[in-house]
Amino acid sequence: MIELPEQLIRLGAQAASKDDAIRQVAALLAGAGNTDPAYLQGMLARETQANTYLGSGIAIPHGTPDTRHLIHRTGIAVLQLPQGVSWGEGGEQVRLVVGIAAASDEHLDILRRLTRVLSDDDLVERLSTTRSPADLQEALTGTRPPAAAPAAATASLPFSAQVTLPNPLGMHARPGTALAGLVRKLGARVRLTRHDSSQSADALRLMEILSLGLTRGTTFTVSADSESALRAVTDAIRAGLGDDLSAPQAAQTAGQGRVPEWQPTQVGATIEGVPAADGLVIGETRQYAARELNVTDQPGDPGEAAKQLDSALTDARGELDTLISRTRAQYGEDKAAIFAAHQELLGDEGVVQDAVNLILDGHGAAWAYQWVTQERISQLQKLDDPTLAARAADLSDVQRRVLRRLLGVGEERAYEGGPAILLAADLTPSDTARLGPDALLGFVTAQGGPTSHTAIIARGLGLPAVVAAGTGLLDVPDGTPAILDGSAGRLYLNPSEADLQSARDRQGVLNAERDRARAARHEPGATRDGTPVEIAANINRAADAASALDAGAQGVGLMRTEFLFLERDSVPSEDEQEREYRAMAQAMGERPLIIRTLDIGGDKEVPYLGLEREDNSFLGLRGIRLCFERPDLFMPQLRAIARVAKDHPNVHVMFPMISTLEDFRRARAVLDGVREELGVARIPLGVMIEVPSAALLAPLLAAEVDFFSVGTNDLTQYTLAMDRLHPQLARQTDAMHPAVLQLIKLTVDAAEAHGKWVGVCGGAAGDEVGALILTGLGVRELSVSPPQIPAVKAALRQHDLPALRDLAARALTQPNAEAVRALLRP
Ligand code: PEP
Ligand code: MG
């Protein structure tokens, strides 16, 4: 059954025309999150195909079938026009506009009721003039809401059943989110009530669900407003709501099977995701690019509304001024230019003029501004051109900035920092790169995976991070006191004073460990019995070289050159690239520098390159494959590297995404040509082992390369066929899976047979368990995020090589990653 909340009813409205009425009703649906604002186009298009006048002064505008994908949630909205508006050629006067966004057939019930209303003239008259939304709610949904809906109203739900929670980890955020999502999809009202206390929760609200603290085996009652909803919900709960019910309780806890070393005892709620970067922090939460701004039309005095718009635009310009100077000082002119372009968009005369026209027509300022900007954003998005899509994103950013001002909503200060734990649906690698590590405490994302490039950047910034925590995260209000445990993959909300104290104590222990490791960070990496293992840094920019060296880096094992392309909006020239590589080579002195050629594709999108969108971007023209297709990108890069290599023998080159012997030979031939052209002698040349075929071909490749570097992030995703960004698979996408370790062993054996060395530059190298097992397998270089260097060195110093070899041999025979990790648990 469809609900009709008051928010979706507008009484006493006026409309200048039929289109205007449709616009207003579409805005109600979009404002409540039922549809994308672009759904309006579908509603307008539908009117050109068929008049939606129903009879008796009622019209039911709705979108065309091809705009159905713009519906987020089935719903209806009602615009009451007591003075009526002319609808169609026949001049029919419409006084009730019932906008319908129907993803399925749930709206048929409403239509049935409407046809009953049609035959009752008195009722039509009442509904067209009433001042009480409840009259409309009752007529259209069959239920009259109580005068002041008390929170407990949903407790009197007629159908109920008892269930016992089967989830090994209890009702944590992921199943909680799945439950709320199901209830939302069913359009049902559902409540959960614990048996041992009378505490109950609305199943639409994740925070309430989590606060029940349901653990495995807890019995509770599910009540619903229909038998079918009750059945669907109880079945879903009994099936585990997406959790693996066979998982042993002991191996339960945090992602990748890590048992938290510290746990609070009395927190309001726990949100669990997958560990992406270690660390324990205490702070308040803040949403990034928060939820939808709720814009409703508030018609008023046009003069007043125009003034509001003017002052919002002026304030937004001031905000951008501050942002430009701060960004220029912290990150350079090219990044500041992004916000200068926002100022241009802000001043666009056409936008301002159209918004003012709508205001003069009687619309509120926020509604008018949203309407005109949204129209342009949708147009840009429709063009399916990545550059224009990026402009659409910029315009959305500007739109939000102005709307926040108009609605009096606080500023999103995500990349401007602030001592907070940032919560976000997801972050792009460039978002993450823009975040200020000084002021950010850490972050949690609803989506993403631990080997996403966002997570990699978090480790680089030394920020604790948790990913794949589920969308319920986005309901956490700003300013909620919290403890973020990156190692356990958990965010604890509203901790008690005792827990805060215990977290501070734990921070003390961790800090002492870190201080010890830090004090010894400049010692060369080695096992306790003295086998050298070089600990290098994964860094992308020369500007980070000094801090990497300060962290104890013995070289750079992976320079991801694509980041030179990602953090700007045009291709860096050959000279610019040369300057950057040279600065990096100089900073490293004698130490090795491994420059990886461009690895664009997958989750590293560079909008301005105008690349075609691919259905499976991780399996398409990525890395070396793209370079073969785009000599305009590949050749200047190779020339820039070769020029630097001529003066700096520490420069190594490595190709990403090699999957065949021919790939390597072809790439080497191109580099050989460039070297000849520039008169550059040999450059040590390696390939990344990140595709299973490359590992299987290692015996052949080893004869021709100088070294291998295993990219465990991709090797894991391609071996297990699990997208490294997939939130539901994030827990299983673990490089410690024996299938992945077998491929690494193959690689090491092949390299040793040819006297070559193997490094690892994927995330597994910086994970303590990973570092130990990889060393046991024969890997002799680990390239990790700079903040991880001291801890990895410290971990290696505690073990002798024979013990690590034995550990690795046992790891290879385990059934899964969890069992491999368990080998190192005391
Ligand atoms: C990897 O795949 O492990 C790797 C180091 O490369 P990237 O993470 O940049 O894809
Ligand atoms: Mg990779």
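Quick notes on this structure:
- Each listed q (0.08, 0.10, 0.11 Å⁻¹) maps to a log10 I(q)/I(0) for the chain, found by the Debye formula over equal Cα scatterers with no solvent: -0.79, -1.14, -1.30.
- Accessible area of region 6-141 divided out per residue, in Å², using a probe of 1.4 angstrom: 41
- Protein accessible area in region 520-822, 1.4 Å probe - carbon and sulfur %: 51
- Environment charge of L358, counting only residues whose C-beta is closer than 10 Å and scoring Lys/Arg +1, Asp/Glu -1: -3
- Å² of accessible area per residue within region 520-822, as computed with a 1.4 Å probe and no ligands counted: 36
- Rounded accessible area per residue of region 159-243, 1.4 Å, Å²: 40
- Projecting the Cα positions of S104, P727, P302 onto the charge dipole of the chain (unit charges on Cβ atoms of Lys, Arg, Asp and Glu, taken about the Cα centre) puts P727 furthest along the positive direction.
- Normalised alpha carbon radius of gyration of region 159-243 [divisor 2.2 N^0.38 Å]: 0.92
- Kirkwood hydrodynamic radius (C-alpha pairs) into Stokes-Einstein, region 6-141, 4 °C and 1.567 mPa s, D in µm²/s: 89
- Along region 122-137 the Karplus relation, 6.51 cos²θ - 1.76 cosθ + 1.60 evaluated at θ = phi - 60°, assigns HN-Hα couplings of 5, 5, 4, 4, 5, 5, 7, 10, 4, 9, 10, x, 4, 4, 5, 4 Hz to successive residues, with x for each Gly and Pro.
- The solvent-accessible area of E6, taken with every protein chain present and a 1.4 Å probe, is close to 120 Å².
- Computed over neighbours whose Cβ is under 14 Å from that of T719, the net charge equals -2, Lys and Arg +1, Asp and Glu -1.
- Nearest-ten-degree value, helix 768-777 long axis tilted from longest Cα axis of the chain: 40
- Seen against the Cα atoms of the chain and their longest principal axis, helix 108-118 is set at about 20 degrees.
- Which listed pairs, of K604/K646; K745/K793; K185/K604, have C-alpha distances above 26 Å, in listed order: K604/K646; K185/K604
- Around N51: net Lys/Arg minus Asp/Glu count, Cβ-Cβ under 15 Å: -2
- Against the main long axis of the alpha-carbon atoms of the chain, helix 497-519 sits at an angle near 30°.
- Across the protein chains, with a 1.4 Å probe defining accessible surface, the residues T296, T775, T74 rank T296, T74, T775 from largest area downward.
- Ranking K185, K646 from most to least accessible surface, computed with a 1.4 Å probe over the protein chains only, gives K185, K646.
- Across all directions, the shadow cast by the convex hull of region 523-584 built on its C-alpha atoms averages 4.7 square nanometres.
- For the peptides 660-666, 649-655, residues were scored by their other Cβ atoms within 10 Å and the scores averaged per peptide; the highest-first order is 649-655, 660-666.
- Along its principal axes, region 588-725 has C-alpha extents of 41, 37, 29 angstrom, given from the largest down.
- With bins 10 Å wide beginning at 0, the percent of Cα pairs of region 520-822 falling in each bin runs 6, 28, 37, 23, 5, 0.
- Share of carbon and sulfur in the accessible heavy-atom surface of region 1-72 [1.4 Å probe, %]: 47
- Highest-first packing order for the peptide set 45-51, 594-600, 748-754 is 594-600, 748-754, 45-51, based on the mean count of other beta carbon atoms within 10 Å.
- Residue ranges 124-137, 727-740, 510-523 sort as 727-740, 124-137, 510-523 when ordered by packing (mean number of other C-beta atoms within 10 Å per residue, highest first).
The values are calculated or read from the model by the stated rules, or taken from the named source; none is laboratory data. In this text, all values refer to a predicted model and were calculated from it rather than measured experimentally. For neighbour counting, all protein chains shown are included, and Cβ atoms are generated from backbone atoms with ideal geometry for every residue, glycine included. Heads up: the accessible areas ignore ligands, DNA and RNA and are worked out on the full protein's heavy atoms, side chains in. Shrake-Rupley method; radii C 1.70, N 1.55, O 1.52, S 1.80 Å.
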